[in-house]
Amino acid sequence: MTQQFQDQGGPASMSPTPLLRWLQSKVMTHLMRPKQLQKQRNDVEHRRIKDKQPHVVEYFHQIDDGYSHLAVQLLKPLAARYAIDLRCHLVTGPTGNNSVEPELLLQLSRTDAAQIAPFYGLNFPSQAASAPHAELVQLASSILAAQDTQQWPECAAEVSLSLWANDETRLQALAQSHGCASASQLSACIASGNARRDQLKHYSGAMFYYGKEWYWGVDRLYHLEKRLAQLGVCQEASNGSHSNTEQLLAPRPLLNLGTLKDNGSLTLEIYPSLRSPYTAISFDRAVKLAEDTGVKLVVRPVLPMVMRGVPATRQKGMYIFSDTAREAREAHVPYGDFYDPIGEPVRRCYSLYPWACEQGKGNELLSSFLRAAFVEGINTNNDKGLKKVVTHAGLDWSLAKEHLGQPDWQTLVENNRLAMYNAGLWGVPSLRLLDENGHQVLALWGQDRLWLFAFEIQRLLAARKENTQST
């Protein structure tokens, strides 16, 4: 490998020792097992009952974050639907090694939140495509810092709507009616929120916490709601009936492929990584989405983030792996027997990728590798494991060995990374939808948005059909 690529990877790209790789893999596999999760939940409830504690749900609000703006609109309905003790905290965004491209993340939060808000029946002002004004962020934060537990949910929703509408007049009125904290009080409030989040081992805004598990924004609220329903804490529904399972406040939108089929004029680009849990549970589904809707598929693999010199903390890694396990179970996707492919296994597989593409088996190779690493627990750090990957992809191992270690892949994945950044994306898996002229229609992180890409494909095809019929 060239010095250029060694330097880009940094220490996180170095392959761990065989023992450390095995040990880390075993630990993560154990923690992701459904039985382990259920045991943890049972222990939490046993202790809660023993200590005579209520069902405490904590929410961490980042006021300049688009995802937090959506989440805060559901606080009052959440507290009304479920018999919970809701405690809210004001926090800043991720910092240090948990902060990857913070400005891009805030920009994406606005773009993404605006896209998904209508599907959840929530509000995201059209003018909120740009960041809210700094002085209004300060004012809104000061108002929230002055609220007590009872006032917080309703007041926060009003404050957030006014902030994202850049409505200074309304914010000033809210400050008059609800009070406003001093600068020192605000600083202490945010410090307290950040400290509580650190204590509970997380790093981000728009997060809900209950019983040793984290739930991110509206996208993961359905997991929390189902858990609360299983515990029997649903209160009387608005229609007067009692139900523990119906009418979630934020159900995950369904992935609806629709009836219209493209002729390959639209293009779906996928940016996968071979060490990404979210890629592992979505790659095959994304490929199938393209096949089922008839759009042209372009797969553009990139290096794992830690191999691009982006550090990953233990907090972040633990959350991602556990969250992926929940999402996989919900989607009925196999996942969980993990054998970490970081470093050399990824490089060796990518060295075979250009050759596999020539054989018409590039997607099969990536899919086979992801399955080996995240589903079958195969050690891909040796020839025995990689041979299984290659043969399961329908390729000839004896021919594959001739291409192992070839450097062609390095320029390929770097060009893909640059293209991904040019689209305003940086994480994996990312997806882009292009129209028949090659213009970008939609570009978002993919695992949580497959349903939105399916919707957008059908919307474009329906619009084209209507135009054709009217001419």
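FYI, it's all coordinate maths here, none of it is from the lab. Predicted, not measured: the structure shown is a model, and the values here were computed from it. Cβ atoms come from the backbone with ideal geometry, glycine included; neighbour counts cover every protein chain shown.
Worth a mention:
- Computed over the chain, relative contact order equals 19 percent, with contacts defined as Cα pairs under 8 Å that lie 6+ residues apart.
- Cα gyration tensor shape of segment 54-230, rounded if a/c is under 1.5, else prolate or oblate by comparing a/b with b/c: rounded
- Charge tally in the Cβ shell below 10 Å around ILE270, where Lys, Arg are +1 and Asp, Glu are -1, ILE270 excluded: +1
- Label assignment, Cα extents along the principal axes in Å derived from the structure, set (1) 71, 52, 39; (2) 74, 66, 48; (3) 101, 55, 51: (2)
- Remark: relative contact order (segment 54-230) = 33 percent; criterion is Cα-Cα distance under 8 angstrom and separation of 6 or more residues.
- When each of the peptides 96-102, 185-191, 317-323 is scored by the mean number of other C-beta atoms lying within 10 Å of its residues, the order from highest to lowest reads 317-323, 185-191, 96-102.
- Taking each DSSP H run with n ≥ 4 as -39500 (n - 2.57) and averaging over every residue of the chain yields -16500 deg cm²/dmol at 222 nm.
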